[in-house]
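The values are calculated or read from the model by the stated rules, or taken from the named source; none is laboratory data. Keep in mind that what you see is a predicted model, and the values were worked out from it rather than measured. Counting neighbours? That spans all protein chains shown, and the Cβs are built from the backbone with ideal geometry, glycine included. Just so you know, the surface numbers come from the protein's heavy atoms only, side chains and all, with ligands and any DNA or RNA stripped out. Shrake-Rupley method; radii C 1.70, N 1.55, O 1.52, S 1.80 Å.
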Amino acid sequence: MQNRRQVTTAALLLGGGLLTPALARAATAPQSLAERFAATLSAGDIDGFSELFADTYVNHQQSAAAPPPANVSAKQATVAFFKARLAAMPDLKVDIEVVVADKDHVAASFVYSGTHKGAYFGVAPTGRALRFTSCDIFRAQDDRIIEHWGMGDIAGVLAQLRA
C-alpha cells in the first residue's frame, strides 16, 4: 500500500548503522505475519490464514457481539470467525494502514473492505459495500502467531449492515 507507514526497531537501528541488512530482516519477521494475515484473507486463502496461527494460539480479545464458539480451540474459533467473514464478503480486501514491530510483536491497523454478499452477523446479504477497521497486536514465535490482543469495529459493521 503506497501510503502505509511502518516503523520497526530493526529499521530504526539499520538507519543508525547498528544492524546489518540480514539482522534487520530477522528482526522484522513478526511484521511479515501482519502482511501475510492481510494477504491470505485478501486472497480468500483460509487454509493459508489458518497456518499463520500456532496450535497453542491464545486470543485475548473478548467480544460480546462475537463470542467464540464453545468447545473449540482459540485457533479454530479465529479461523471460523474469518471464514464467516469471507463467506459474507467473498471479495474481501484487507489493507494495512500502519504497522509497528519489534523482535516478537507486531501491531497493525487493518482496513477491511468488501461487498456484503452472504449472511453476516445474522443479516441477510444487502449488496452494500462495507468498510471497517481493526487494530491488532500479535506475538510471534517460530513464524506463527501465538497470542493476539485487538479491537475490531463490529459496531461499525453492524451499523453498515442495518443502514
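Quick notes
- Lone unmet requirement of (1) at pLDDT below 95; (2) open to solvent by 30 Å² or more (accessible area, probe 1.4 Å); (3) in contact with a strand residue (DSSP E or B) (Cβ under 8 Å, 6 or more places away or on another chain) for THR20: (3)
- Scan of segment 52-67 for residues that are in contact with a Ser or Thr (Cβ under 8 Å, 6 or more places away or on another chain) and either exposed (fewer than 14 other Cβ atoms within 10 Å of the Cβ) or closer than 21 Å to LEU92 by Cβ (or both), ordered by number: LEU52, PHE53, ASP55, ASN59
- Within segment 23-48, residues that are among the basic types (Lys, Arg) sit with their Cβ atoms under 8 Å from residues that are surrounded by 18 or more Cβ atoms within 10 Å (Cβ to Cβ) and at pLDDT 95 or above, at 6+ positions apart or across chains, in these pairs: ARG36/LEU52.
- Residue satisfying all of: in segment 83-135; open to solvent by 20 Å² or more (accessible area, probe 1.4 Å), touching a residue at least 40 places away in the same chain (Cβ under 8 Å) and over 18 Å from PRO30 (Cβ atoms); farthest from the chain's Cα centre (by Cα) among these: PHE121
- Test: residue in segment 58-76 that is touching an Asp or Glu at 6+ places or on another chain (Cβ under 7 Å) and closer than 21 Å to ALA129 by Cβ: no
- Of residues in segment 136-157 being touching a residue at least 40 places away in the same chain (Cβ under 8 Å), part of a strand (DSSP E or B) and among the β-branched types (Val, Ile, Thr), the one farthest from LEU33 (Cα to Cα): ILE146
- LYS103 meets all of the listed conditions (1) under 24 Å from LEU158 (Cβ atoms); (2) basic (Lys, Arg); (3) not in a helix (DSSP H, G or I) but one, namely (1).
- On inspection, GLN160 qualifies as touching a residue at least 12 places away in the same chain (Cβ under 8 Å) and either touching a helix residue (DSSP H, G or I) at 6+ places or on another chain (Cβ under 8 Å) or surrounded by 14 or more Cβ atoms within 10 Å (Cβ to Cβ) (or both).
- Annotation note: of SER42, SER50, SER32, SER63, the sole residue that is under 25 Å from GLY122 (Cα atoms), among the hydroxyl-bearing types (Ser, Thr, Tyr) and at pLDDT below 95 is SER63.
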